[in-house]
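The values are calculated or read from the model by the stated rules, or taken from the named source; none is laboratory data. Just so we're clear, the structure is a prediction, and the values are computed from it rather than from any experiment. Note that we place each Cβ from the backbone using ideal geometry, even for glycine, and neighbour counts take in every protein chain shown.
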Amino acid sequence: METPLTKNIIKGKTIDLKIYEKSGGYQGLRKAMSKNPEDITSIVKESGLKGRGGAGFNTGQKWSFVPMGKDAPKEKYLIANADEMEPGTFKDRLLLEGDPHQLIEGMIIASYAIQASNAFIFMRWTYQNSADQIRKAIAEAHEAGYLGRNILNTGFDLDIHLHVSAGRYICGEETALLNALEGKRAIPRSKPPFPQVSGLFGKPTIVNNVETLCNLPHIIDKGKEWYKSLSITDEGGTKLYGVSGRVKKPGCWELPLGTTMREIIEEHAGGMLDGYKFRGALPGGASTDFLIEEHMDTVMDYSSAMKAGSRLGTGTLVILDDKTCPVGFVHNLEKFFAHESCGWCTPCRDGLPWVEKVLNAIENGEGVEKDMKILEFHTSYLSPGHTYCALAPGAMEPLQSALKYFREDFMKHINEKRCPWRNNYA
Amino acid sequence: MKKDVHGGIIMPKIYIDNKEYEVKDGKSLLETSLTLGLNLPYFCWHPKLGSVGACRQCAVKSFKDADDKKGKIVMACMEPIKDGMHVSIKDHEARKFRAEVSESLMTNHPHDCPTCDEGGECHLQDMTIMTGHTYRRFKFNKRTFENQYLGPLVNHEMNRCIACYRCVRFYKDYAGGKDLEVLGAHNYVYFGRHEDGVLESEFSGNLVEVCPTGVFTDKTLKKHFTRKWDYTSAPSVCNLCSLGCNTIAGERYGKIRRIRTRYNKEVNGYFLCDRGRYGYEYTNSSKRILTPLIKDAQSEAGFKQFDVQEVQSNLKTILSGSQNVIGIGSGRTSLESNYALRTFVGADNFYLGMSNTDYELNHIAAEILKKSSAEKYSLNDIENTECVLILGEDITNTAPMLSLAVRQSVRQKPMHRIDKLKINRWDDKTVRDALQQEKGPFFNITPAKTKLDELALINLHTDPEGIGEFGFAIAHFMDSTNALPENISKEYSEMAKTIAKTLMEAESSAIISGTSSLNGNILKAAFNISEACAKQGKKTGICLTFQEANSLGLTLLGGRKLSNIGKDESHHDSLIILENDLYRKAPEQEIDQTLKSFKNIIAIDSLMNSTTRKADYLLPAGTIYESDGHLVNNEGRVQRFYKVFVKEEGEVRSGQEWVQMLSENIDTDPLAGLKNIFDYCKAIEKEYDIFKGLADNVIPLNFREGAQKVAREPHRYSGRTAMHANKTMDEPTPPIDKESPMSFSMEGFHGTPPAPLTPFFWSPGWNSVQSINKFQIEIGGELRREIPQLSVLNKDSKNLSKEYYKMDLSDSKHRNDKSEWKVLPLYHIFGSDEISIVEGGIKELVPLPYIGINPKSAKKMEWKESTLVKPAGEEINKGIQLKFLDGIPEDCIGIPLGLKKMPFVELEAWQSLHVWEKSKDKD
């Protein structure tokens, strides 16, 4: 089994330029720069690489909307979205801390493909170690001539700038990220126009997830066919899967895309801790629908997760066990989402706090049956298209599936006027 | 825009609730629906601010085609019109969603409507009712905020906020304000300043109308609060600068309570400046003259009251006995009042009450406007112009709404890129994200730094003579028949070349200038530039501003120069001063001298001022709200203002009515036969070709809607049977309006009257200012039943000579000695105007007197900002503070005109300064 993204990564260490180059690093870049930018885009498009940030859109296709040629604006930007703030998600951190040059190489390739004039890494503010490693790596890459003027004597210039975010969940949203990077309030923008056409500072911009970018050197180096062959299903490549919760070995592993949920939880995460039973999992971070026992054999790729009623999202599973109150669990998530709403559109700004308050009341034994109606109402009220961006619909995914799968637990709270998981009556 | 084979425009067909409509292309669905008269609730959208899709209130169902039954929810404000589109407003899911949005907006709203100033004219109330949300399910505590002190004009009550973001979008994005922000996040977004303090924008008062609920309310109104339905109101025109913005003034219990915007597409659109909105408080001042007064040395006030009969008999004797009566007109009162006085005293005895400089400049400006081949640009035209040049005007302070228009004009050229990106121009947030700081060409040539500097491609600050020269240099580079001024520096010459080139290349351009720099060469240069542009066949407009609301009207009526009084041989003994404080128009000693030469001085005015205090007889003039008449604005637009109410207190009459009374008194009665405004307009157009059509613009007295007059009061007006109970138990008959087909009561027509007669905007279900939607032919377009306004300058100018002006070098005065500074006139929105500063909120905001100086020159003189100085030759009992102003040329000082204790300035002036008191500051 090949693990191109993590093959260099050693726990507790960061790969420097020398080791990175020894293991074949920057070969992909060299190959890329011998080709036309448009050819890189086609290769990436045909490799089937999908955005690893959660939306799962074909990366090459996304690039193809960037205006190219003489009439295109001189300023174009590439941005690595390293604002990994999805609760339960820690896959990009592994790549940032373990093998920063892989990201930088990927960014140079992507920048070359769209002929970007500047590139940015938009980093989650708590990732201080990642930021340090990236800073070092950027300096090394400059020194070695991979960044700066006339890269590898091709005439192509590029600088990468690290921007450490002020720390809001919404900054991870592609367009809110642009506003944040411009120094404005992190409020999403409406599409169209897509950032590919009018993005950062009004110029054509590509925002790609860290993991997505890390795939690029390998795709260019070893070819699209090789890349496609890595996955179990037909979606191509590997995926960083993660598991958190009461399992024996929580962690993050690079596995062929299409590995089943059962294999991830039972083999790689070592199964549930003794004395705990699996009740459900958010398969791709906090803003995805619960999958439960019956979905254990679901193949964890974009289309299958969708079929099962959820989303692959970031591919990092958050496990709900039988000793954890599902209402409290969901309340915790909704509290986060309500707090992280940017405050721009009404349903999200005023709907999420209401949901949070209702869940809090139920959890504290103050819920009434009508509250279930209020929760259900919000799952449709905050559905896609009703809100300005995907934050609130995402926030409704764990809630709507919890209402479906754990309804009895909610009712138990209401009927018994307490949380059955708490020892003391509150 | 699609065109058919014959080049005609094909109107897209759309289907709303299965009904077919032919609509305009390029608009949003929300705007289109409102234009069609359909009721669709909204909050974040504003006709002038465009769409942002934040509030989600205007949701409708969009269908793929006629067969699609499922459809999906979309926001009408973000949906462009597409030919053949199918949408539903009535769709159950869409209605339900809109009610749900209302429900969540209201979760934290305090429901304090009974004690909220917005109550009864609240867009939030209207929209909540429209969505059908009634039952409240939210059972938790509401969040609360602390409110801020935002100055004397705008009140802040954040708890009412529904976070529509319109305030910051207007204040920052549209009006360029810097000190109102959205702070915080999630449902704790806070719209306010970084700390308590006076809002800095000249347009802050518009927050009151832009805010859909009671967060920002009129603080001056709070002092004498009245509900919208309890006003007696009438269409009026602002008389606090020369732009003539349209207003609605509301009265109750004999007091003007507030001013609101009266929409006029060409002039002020949806907004007003703060001087215009809040400058009404003088009308309720204790300094008002309410009864006829006669000089009385014995009394403490210097005057004693006398009644109208006494006035008549006394003045009859005086005026009949006078060999010659001199009249001085006024730039802040109506055409009719001035015409009445001019006719009464005779043309040879009529003096325009302007300073000598202003007199000269107004005549040059009027001549330019008459003969110019360029268009006379309205504010709306300026807004839509791609290239703007300002010569010598700090418009933010002399004509504030013009600066708001310029702020929009710099966005016009970059809009071509927006079109290329296929972004809809109304998609405001997207447009701003795409354009960032990109601006079109704007050149700002002024004596000192201005607020518009931040927008300009080139800023140049120099003395008025320098601006004139520079203007002539631009004209030279556009058409070399204009000579290049001799002394112009290489640097300036290059700059002028760049500006000339840009103007010549621009698709449309506007030249803005005016009289405030007190220099005729500036105006002449503006003409030469606009003429050179127009000769190229380019779309060019000229826009000149004046010192007073009716400066242009008065100039066109014609009269003599103030300084000529008493210069001729003829003997005269009586003087009538119409609504004018002469001490603002000439040096104190000169006016003292002039006044002394008359035996009898009759002053007609509304407020006590330095001039009225010297009068022997004082007649109480009505303010603009208590009078009828016309004002001619800076573009020559003749606009009617109507009496809002009849002042019961005292003996207040309009200037024209007083002059008429004086005239009736004497045997010759030169005003015989003139009974009302209509008669006056007839007489004026008979005497002046330029005013032809004036009388046609007057809506006849016998005009009726059905059989009804237009009611000044809404049908919900309350208290009429009780409000006079302290005087009589009978309900008094309302006064009869002899000047307009409007009633001073709630009886009458309440629909959509001819636009100039609209006393207030209201429509069923639309109680807020947003009801304007229902009065427009299309959103942002003309008002329904508009009557085209007369523009006296849009006459045929073909026969007039278009010859370029030559630079006038005759009057150049020279510095007497090295200690003298060249004087620059400076202006303040709150301070430079005569009447707005008398009372209230604006009075609080008037700066203390100061003398502006470049910090570098001050350093050379070893002066600090705390240094007090005294202009040589002025008798003052306190030193004047220095104020460091970076932009001021180093050999100049800035004198803020109009501020109390500031010396009168006529250019070209030189002034020495003495230190009043050495600074005590030791460091």
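Observations
- B:F140 meets each of the listed conditions (1) surrounded by 16 or more Cβ atoms within 10 Å (Cβ to Cβ); (2) touching a Lys or Arg at 6+ places or on another chain (Cβ under 8 Å) apart from (1).
So that you can scan it fast, the table gives a plain yes or no per residue for (1) within 31 Å of the chain's Cα centre (by Cα); (2) in a loop (DSSP other than H, G, I, E, B):
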{"site": "B:E590", "(1), (2)": "no, no"}
{"site": "B:Q593", "(1), (2)": "no, no"}
{"site": "B:A603", "(1), (2)": "yes, no"}
{"site": "B:S610", "(1), (2)": "yes, yes"}
{"site": "B:R613", "(1), (2)": "yes, no"}
{"site": "B:P620", "(1), (2)": "yes, no"}
{"site": "B:Y625", "(1), (2)": "yes, no"}
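- Qualifying residues in the stretch B:34-93 (those that are of a type in the set (D, E, K, R) and free of Cβ contacts under 8 Å to residues at least 12 places away in the same chain) - the one nearest to the other protein chains (Cβ to nearest Cβ): B:K72
- Any chance A:E366 is out of contact with any Ser or Thr (no Cβ under 8 Å at 6 or more places or on another chain), in a helix (DSSP H, G or I) and charged (D, E, K, R): no
- Some residue of the stretch B:185-203 being away from chain A (no Cβ under 14 Å) and part of a helix (DSSP H, G or I): no
- Applying the criterion of being charged (D, E, K, R) and within 27 Å of A:G172 (Cα to Cα) to the residues of the stretch A:8-54, the residue that is nearest to the chain's Cα centre (by Cα) is A:R52.
- Filter result for A:T379 (of a type in the set (V, I, T), within 27 Å of the chain's Cα centre (by Cα) and at the interface with another protein chain (Cβ under 9 Å from one of its Cβ atoms)): no
- Verdict on B:P753 being buried (at least 20 other Cβ atoms within 10 Å of the Cβ) and of a type outside the set (K, R): yes
- Positions within the stretch B:7-23 being more than 18 Å from B:C58 (Cβ to Cβ), touching a residue at least 24 places away in the same chain (Cβ under 8 Å) and surrounded by 15 or more Cβ atoms within 10 Å (Cβ to Cβ), in sequence order: B:P12
- Elements of type strands (runs of 3 or more DSSP E) in the stretch B:788-904, at least 1 residues being within 32 Å of the chain's Cα centre (by Cα) and more than 30 Å from B:Y688 (Cβ to Cβ): B:820-826, B:850-853, B:880-884, B:892-896
- Of all residues making up the stretch B:435-478, the number that are under 20 Å from B:S508 (Cβ atoms) and in a loop (DSSP other than H, G, I, E, B): 6
- When A:D159, A:D92 are checked against the criterion of being buried (at least 17 other Cβ atoms within 10 Å of the Cβ), more than 14 Å from every other protein chain (Cβ to nearest Cβ), at negative phi and of a type in the set (D, E), a single residue qualifies: A:D92.
One line per residue, one yes/no per condition, for (1) in contact with a helix residue (DSSP H, G or I) (Cβ under 7 Å, 6 or more places away or on another chain); (2) at pLDDT below 95; (3) within 14 Å of another protein chain (Cβ to nearest Cβ):
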site	(1), (2), (3)
B:L389	yes, no, no
B:N397	no, no, no
B:T450	yes, no, no
B:P464	yes, yes, no
B:G468	yes, no, no
B:G471	yes, no, no
B:A475	yes, no, no
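- Residues that are among the hydrophobic types (A, V, I, L, M, F, W, C) and either more than 17 Å from the chain's Cα centre (by Cα) or in the same structural domain as B:K48 (by TED's automatic domain parsing) (or both), drawn from the stretch B:176-209: B:L180, B:V182, B:L183, B:A185, B:V189, B:F191, B:V198, B:L199
- Among the residues of the stretch A:330-373, those identified as touching a residue at least 12 places away in the same chain (Cβ under 8 Å), under 26 Å from A:A281 (Cβ atoms) and facing chain B (nearest Cβ under 8 Å) are A:A338, A:E340, A:S341, A:G351, A:L352.
- When the stretch B:756-769 is filtered for residues that are crowded, with 20+ Cβ neighbours inside 10 Å, over 20 Å from the mean Cα position of the chain (by Cα) and polar (S, T, N, Q), the ones remaining, listed by number, are B:N767, B:S768.
- Every pair of residues 6+ apart whose Cβ atoms lie under 7 Å, when the first sits in the stretch B:239-263 and is within 19 Å of B:Q789 (Cα to Cα) while the second is of a type in the set (K, R) and part of a strand (DSSP E or B): B:G244/B:R637; B:T247/B:R260; B:I248/B:R260
- Top-ranked residue of the stretch B:1-24 - restricted to ones that are assigned to a loop (DSSP other than H, G, I, E, B), modelled with pLDDT under 95 and within 39 Å of the chain's Cα centre (by Cα), ranked as farthest from B:A76 (Cα to Cα): B:G8
Conditions tested, residue by residue: (1) within 14 Å of another protein chain (Cβ to nearest Cβ); (2) in contact (Cβ under 8 Å) with a residue 24 or more places away in the chain; (3) within 28 Å of A:I40 (Cβ to Cβ).
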{"position": "A:E182", "(1), (2), (3)": "yes, no, yes"}
{"position": "A:R185", "(1), (2), (3)": "yes, yes, no"}
{"position": "A:F194", "(1), (2), (3)": "yes, yes, yes"}
{"position": "A:F201", "(1), (2), (3)": "yes, yes, yes"}
{"position": "A:L240", "(1), (2), (3)": "no, yes, yes"}
{"position": "A:V243", "(1), (2), (3)": "no, yes, no"}
{"position": "A:K249", "(1), (2), (3)": "no, no, no"}
{"position": "A:E263", "(1), (2), (3)": "no, no, no"}
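- The stretch B:857-869: number of residues that are surrounded by fewer than 20 Cβ atoms within 10 Å (Cβ to Cβ) and farther than 13 Å from B:W821 by Cβ: 6
- Selection within the stretch B:148-184 - away from chain A (no Cβ under 14 Å) and either in a loop (DSSP other than H, G, I, E, B) or at positive phi (or both): B:Q148, B:Y149, B:L150, B:G151, B:P152, B:L153, B:E157, B:A175, B:G176, B:G177, B:K178, B:D179
- When the stretch B:573-600 is limited to residues that are farther than 26 Å from B:I876 by Cβ and not hydroxyl-bearing (S, T, Y), the one that is modelled with the lowest pLDDT turns out to be B:D573.
- Close pairs from the stretch B:209-229: first closer than 17 Å to B:R275 by Cα, partner assigned to a helix (DSSP H, G or I) and among the β-branched types (V, I, T), Cβ under 8 Å, at least 6 apart: B:E209/B:V769; B:T217/B:V208; B:D218/B:V208
- Boolean, B:K439 is among the charged types (D, E, K, R) and either in contact with a strand residue (DSSP E or B) (Cβ under 8 Å, 6 or more places away or on another chain) or away from every other protein chain (no Cβ under 14 Å) (or both): no
- Residue list for the stretch B:408-434, restricted to those being facing chain A (nearest Cβ under 10 Å), in contact with an Asp or Glu (Cβ under 7 Å, 6 or more places away or on another chain) and not in a loop (DSSP other than H, G, I, E, B): B:R432
- Considering only residues in the stretch B:90-108 that are basic (K, R) and closer than 20 Å to B:I162 by Cα, the one that is surrounded by the most Cβ atoms within 10 Å (Cβ to Cβ) turns out to be B:R98.
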